[in-house]
Amino acid sequence: MKKSSSIAIAFAVVLGLGAGLAQAGAPKRNSDIRIGFAGMTLNNEFHITLANGAKAKARELGVNIDVQAGDQHASAAAQLVIIENFLSNAVDGLIIVPSASEGLETALRKSKEQGVPVVNADTLINRDVAASAGLPNIPFYGTNNFEGAKLAGQFVAGKFPKGTKTAILTGIEGHQNAADRRNGFIEGAGDAIQVVAEQTANWEVDQGYTAAQNIISANPDLELVFASNDNMGIGALRAIQEAGLKDRIGIVGFDAVSEALNLVESGEFLCTVAQFPSKMGEIAVENLVKAIKGEPYADYVDTGCRVITKDNVQEHKDYLSQYVD
Amino acid sequence: MSSKAVIGEDRAVGNRRPAWGDMTLYLGAVGIVIAFSLVCLFFGRNFLTLRNIQNIVTQSSIIAVIAIGSSLVILTGGIDLSVGSVVGLVGMFAGALLKSGVPLWAACISALGVGALTGLVNGYLVSVGKVPSFIVTLGIMQIARGLALLTTLGKPISRFPDGLGLIMNAKVAGDMPTSVLYVFSLYFLMMFVMSLTRFGRHVYAFGGNPNAARLSGVRVRRVEMAVYVLSGLFAAAGGIMLLSRLSYADPNAGGGYEMHAIAAAVIGGISLSGGRGRIGNTLVGALILGSLTCGLQILNVPTYCQTIVTGVVIIAAVYADKAGERRAE
């Protein structure tokens, strides 16, 4: 009984395989296309919004999309597993939001071997790594972090006098985004700021809190904090409130997470910088479908940044609410 | 001399779990595969293909190899939480050596040396120092992670020479991934060691009852220390495999692997109280975990639900294994 049923299953599986192969040669209709979306994580709003943008676009175009992400943040190994499973189940194209910009050489090599087109969203895949995997021209749809931080710097330059005593909280040492945001802010702000302290808080709320405590006690005349992401800014805000300096020290964040938007609304954050993750997802799906069908597609789209202040925060909230599941 | 042999034999017999426990494990594994095959078929996707089977073995191979060491430690009644960090440390260490022009074989041997050394520190502190293994390995877990980050001040290393990738990404005997070869040969070796050598019997004897083992002449410190050294070695082997598979060294690599390895061991029926369980079943445990990940991803089950399913399976496996005990009460 058991034996015969397992033979039946094996038989059915082989049939299924045959059916899959038979389809491969035919020209692709949208409803035949299946896209694999390999996300960095689905543990935070930004990446959820990105994935939801991609899903919305796939729905609109009538293509199928599988969305998977590692359960741990920034695990190249987990992402390789996801991409292998996509490839063995014959997806027609891949959208990759890399967990680490240099970490996907093997995954890219396997995609190339199978001839599956790849597009890249949000975090740029390291060009040298992509080239060693044989895919030197992966299209990229995302934000330029340097330009985004520069906008925040320019906003500060327009609001503060020369030599404003500023502390910078940076992201993880070695992350390209961390360096770009720091450098962009400094360039945008120009001589409006005088950097009196600079510390990494590894993108985390609690580390932003302790770093800010230390910076405040070393620099009691501090006037401004640039946090390279909102999390660290939220930590810094708590330290500043505890020190009773809320009215004297301004905070500039980056990422426009929902808590930061609330803080901009209440005036506790001066501003934050919004990216448009849903737009990245939409553009990635749109161009990948074109690539699968052999139509011309865009190699690069800067999805843009925007400084969010009290004046436009409501507008941005409305935009985000479209992409909540 | 003869008394040693006797107690060893005794324990070796004692480790033979009732066939019932093994049966539930194997049936469970087969059941999962059949269930996935049917559900995948229903949704027009393929699970039981050669390619997927290769994927599952390759994807499980690193945890499977690390879990050999974790199982040995658990058999002595201890736990090794440091293996995930050792994977990260070994990857960075070997990666840095390779980047500075050291040949692949030398980098691999040095990496195994690093693993053995961390194991030796763990083993010494547990067996001679009498510090509980949970605490020792928790500390070494932090230290190894710190050292991994210190190697390059947190920067990952990429773009290695092609030879590195061949360790994991080459094919043998036609189309078989090399990982299959590593996993099966290491498991066969350790199954042999555990059931047919004196060392194996002593591990069971010590895990079953440390005092009785000591009184009957087992050199308990040496056995316990050896087990941690082996755990470090298998973790290092896992670290080299991961480095090769990704061609990428990340100081945070291997985070959480200690838990996956422990999960593989307990699903395989290795008792956390020591002295009971078969090493070969740990491989079944690792493959069950790998099939779950692969199957759930093929079915496009949301990531959040995947971790829930994994948790349920871990508990269900041990629950089913304990059915005999429950009945006895």
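The values are calculated or read from the model by the stated rules, or taken from the named source; none is laboratory data. None of these values were measured; they are calculated from a predicted model. Methodologically, a virtual Cβ is constructed for each residue, glycine included, from the backbone with ideal geometry; neighbour enumeration extends over all protein chains shown. Note: accessible area is taken over every heavy atom of the protein model, side chains too, but ligands, DNA and RNA are not part of it. Shrake-Rupley method; radii C 1.70, N 1.55, O 1.52, S 1.80 Å.
Of note:
- Qualifying residue in the range B:294-303 (condition: more than 14 Å from chain A (Cβ to nearest Cβ) and loosely packed, with under 15 Cβ neighbours inside 10 Å): no
- Residue identified as assigned to a helix (DSSP H, G or I), farther than 20 Å from A:Cys271 by Cβ and assigned by TED's automatic domain parsing to the domain that holds A:Ile96 among A:Ala130, A:Ala179: A:Ala130
- Residue in the range A:208-218 that is within 30 Å of A:Gly103 (Cα to Cα), touching a helix residue (DSSP H, G or I) at 6+ places or on another chain (Cβ under 9 Å) and in contact (Cβ under 8 Å) with a residue 24 or more places away in the chain present: yes
- The single condition among (1) open to solvent by 10 Å² or more (accessible area, probe 1.4 Å); (2) at the interface with chain B (Cβ under 9 Å from one of its Cβ atoms) that A:Glu113 does not satisfy is (2).
- Of all residues in the range A:94-112, those that are free of Cβ contacts under 8 Å to residues at least 24 places away in the same chain have Cβ atoms under 7 Å from Cβ atoms of residues that are surrounded by fewer than 23 Cβ atoms within 10 Å (Cβ to Cβ) and not small (Gly, Ala, Ser), 6 or more apart or on another chain, in A:Lys112/A:Leu135.
- Enumeration of residues in the range A:50-76 that are farther than 20 Å from B:Phe43 by Cβ and either of a type in the set (Lys, Arg) or open to solvent by 20 Å² or more (accessible area, probe 1.4 Å) (or both): A:Ala56, A:Lys57, A:Glu60, A:Leu61, A:Asp71, A:Gln72, A:His73, A:Ala74, A:Ser75
- Candidate set from the range A:93-107 (those that are buried (at least 23 other Cβ atoms within 10 Å of the Cβ) and assigned to a helix (DSSP H, G or I)); member that is nearest to the other protein chains (Cβ to nearest Cβ): A:Glu105
- Any hit, the range A:280-297, residues being open to solvent by 60 Å² or more (accessible area, probe 1.4 Å), among the charged types (D, E, K, R) and outside the structural domain of A:Gly62 (by TED's automatic domain parsing): no
- Candidates A:Ala38, A:Ala76, A:Ala90 - the one that is of a type in the set (A, V, I, L, M, F, W, C) and facing chain B (nearest Cβ under 7 Å): A:Ala76
- Of all residues in the range A:278-297, one or more are in contact (Cβ under 8 Å) with a residue 24 or more places away in the chain and not in a helix (DSSP H, G or I).
- Of the listed requirements (1) under 22 Å from A:Gly174 (Cα atoms); (2) out of contact with any helix residue (DSSP H, G or I) (no Cβ under 8 Å at 6 or more places or on another chain), B:Ala253 misses just one: (2).
- Residue that is nearest to the chain's Cα centre (by Cα) [pool: residues in the range A:132-147 that are of a type outside the set (Gly, Ala, Ser) and open to solvent by 20 Å² or more (accessible area, probe 1.4 Å)]: A:Asn144
- In the condition set (1) assigned to a strand (DSSP E or B); (2) open to solvent by 40 Å² or more (accessible area, probe 1.4 Å), A:Ala167 is compliant with all but (2).
- Within the range B:42-88, the set of residues being free of Cβ contacts under 8 Å to residues at least 12 places away in the same chain and among the aromatic types (Phe, Trp, Tyr) comprises just one member, B:Phe42.
- Selected residue [over 17 Å from B:Val183 (Cβ atoms) and open to solvent by less than 20 Å² (accessible area, probe 1.4 Å)] from B:Ala235, B:Ala261, B:Ala249, B:Ala212: B:Ala249
- Residues located in the range B:91-120, provided they are in contact with a Ser or Thr (Cβ under 9 Å, 6 or more places away or on another chain), surrounded by 21 or more Cβ atoms within 10 Å (Cβ to Cβ) and of a type in the set (Val, Ile, Thr): B:Thr118
- Scanning the range A:192-208 for residues that are under 17 Å from A:Arg248 (Cα atoms) and of a type outside the set (Val, Ile, Thr) gives A:Ala192, A:Gln194, A:Ala197.
- Taking the range B:121-155 as the range and being surrounded by fewer than 18 Cβ atoms within 10 Å (Cβ to Cβ) and of a type in the set (S, T, N, Q) as the test, the residues that pass are B:Gln142, B:Thr152.
- Residue in the range A:238-247 that is open to solvent by 40 Å² or more (accessible area, probe 1.4 Å) and hydrophobic (A, V, I, L, M, F, W, C) present: yes
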